[in-house]
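Worksheet: the structure to be examined is printed underneath.
The values are calculated or read from the model by the stated rules, or taken from the named source; none is laboratory data. No experiment lies behind these values; they were computed from the predicted model shown. Cβ atoms come from the backbone with ideal geometry, glycine included; neighbour counts cover every protein chain shown.
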Amino acid sequence: MTNLDEIKKLCEKLECKITLDCSLKEYVTFRFGGPCKALISINSAASAAELIKYMKDNDVKYGILGRGSNVIASDEGFDGVILLFGSDFAGISIDGNTIKCDAGALLASACVHAQQASLSGMENLFGIPGTVGGALFMNAGAYGSEMKDVVVSAEYIDSDCNIKTITKDEMNLSYRHSIFSETDCVITSVTMQLSSGNSDEIKEAMNECMAKRSSKQPLDYPSAGSTFKRPEGSYASLLIDQCGLKGLTCGGAMVSEKHSGFVINKGYATCADVLELCSEIQRIVKEKTGYRLELEPVILK
Ligand SMILES: Cc1cc2nc3c(=O)[nH]c(=O)nc-3n(C[C@H](O)[C@H](O)[C@H](O)COP(=O)(O)OP(=O)(O)OC[C@H]3O[C@@H](n4cnc5c(N)ncnc54)[C@H](O)[C@@H]3O)c2cc1C
């Protein structure tokens, strides 16, 4: 990459950590993926805006990553710069019933902060891996709750690299979808409105959610969570189960025996294995049930 020296200097000025020639598999929960030229750990909205402006002005390919828990990273890697929204940009503040989180804050930390402040509304989101920014990007949800139920506004970097505010009504939030997945806008902070509750009861509800996850999901294997979106009128896991696909394997990728909605990495899966297995699942499910399954994770390439 010809601009690497300039990018390094810009990172130095902005005090953002830059890691060169890293492996994507270290940054995604599926634990596969090829090399990446540079990965920059974002430390503020202003730094992110300046870096994105540089990338756009100089035609440098860039990608956005939170915890990488809803991403399929290609075996060829990423021929550009990854902007990582993680622990260097993870502030959480509470004011009354409002909780404001930097995009890199873990959703789980936000849930714990809310519980400690006796704020209810995020209990069912506890246990979803990933950042608050990543959760809003895809309107993450579980057990009948989704980000849509708690978010009131967000700050984001628009296509012209200005930092703007957007209200919930403007976010086009629906099942695993937000306006951010339609544009190149980047979420920098999320504000959520919760209600007053009892701290012990909130904690109990969170623990119950976590227990359900551990008993039903193959959490001891790397994955990106549910591999397919829920098709209208059914459930991906139910259809996969009905087609007898539990345990179906392609290289190191396998349909989990514990939860058929999850494709897991047995330890040596490649992106090609996962994509081949997914198309086989899609083909068989379509043939046998008529349902078309759509991938939930985003392919990073
Ligand atoms: C074991 C397991 C269980 C899971 N359970 C659930 C569940 O119950 N419910 C559910 O909804 N999901 C679930 N997921 C999927 C995943 O955890 C969520 O989608 C999560 O919200 C993704 O956040 P992330 O920070 O990891 O995003 P990433 O995977 O890093 O990114 C996902 C997408 O969001 C974009 N993105 C990330 N941050 C930003 C930002 N700040 N601005 C703009 N774009 C951004 C990325 O470019 C990428 O396209 C699960 C995953 C795993 C591994």
Give the residue, chosen from S256, S234, that is hydroxyl-bearing (S, T, Y) and touching a Lys or Arg at 6+ places or on another chain (Cβ under 9 Å).
S256
In the range 5-38, residue surrounded by the fewest Cβ atoms within 10 Å (Cβ to Cβ) [restricted to those that are among the aliphatic types (A, V, I, L, M) and within 25 Å of I299 (Cβ to Cβ)]:
L20
Candidate set: the range 99-115, residues that are in contact (Cβ under 8 Å) with a residue 40 or more places away in the chain and either in contact with a helix residue (DSSP H, G or I) (Cβ under 7 Å, 6 or more places away or on another chain) or hydroxyl-bearing (S, T, Y) (or both); chosen: the one nearest to the ligand (Cβ to nearest atom)
A103
From L107, L136, L83, residue being under 15 Å from R67 (Cα atoms), not assigned by TED's automatic domain parsing to the domain that holds F180 and not hydroxyl-bearing (S, T, Y)
L83
Quick check: is even one residue across the range 195-214 aliphatic (A, V, I, L, M), surrounded by 14 or more Cβ atoms within 10 Å (Cβ to Cβ), more than 17 Å from the chain's Cα centre (by Cα) and away from the ligand (no atom under 16 Å from the Cβ)?
yes
Count of residues meeting criterion [farther than 15 Å from E208 by Cβ and of a type in the set (S, T, Y)] in the range 99-130
2
Subset of the range 43-70 that is in a strand (DSSP E or B) and touching a helix residue (DSSP H, G or I) at 6+ places or on another chain (Cβ under 9 Å) - its residue that is nearest to S87 (Cα to Cα)
L65
Within the range 154-181, the residues that are free of Cβ contacts under 8 Å to residues at least 40 places away in the same chain and among the basic types (K, R) are K164, K168
How many residues does the range 126-153 hold that are more than 9 Å from the ligand (Cβ to nearest atom), of a type outside the set (S, T, N, Q) and in contact (Cβ under 8 Å) with a residue 24 or more places away in the chain?
6
Among (1) touching a Leu at 6+ places or on another chain (Cβ under 6 Å); (2) more than 16 Å from the ligand (Cβ to nearest atom), where does L39 come up short?
(2)
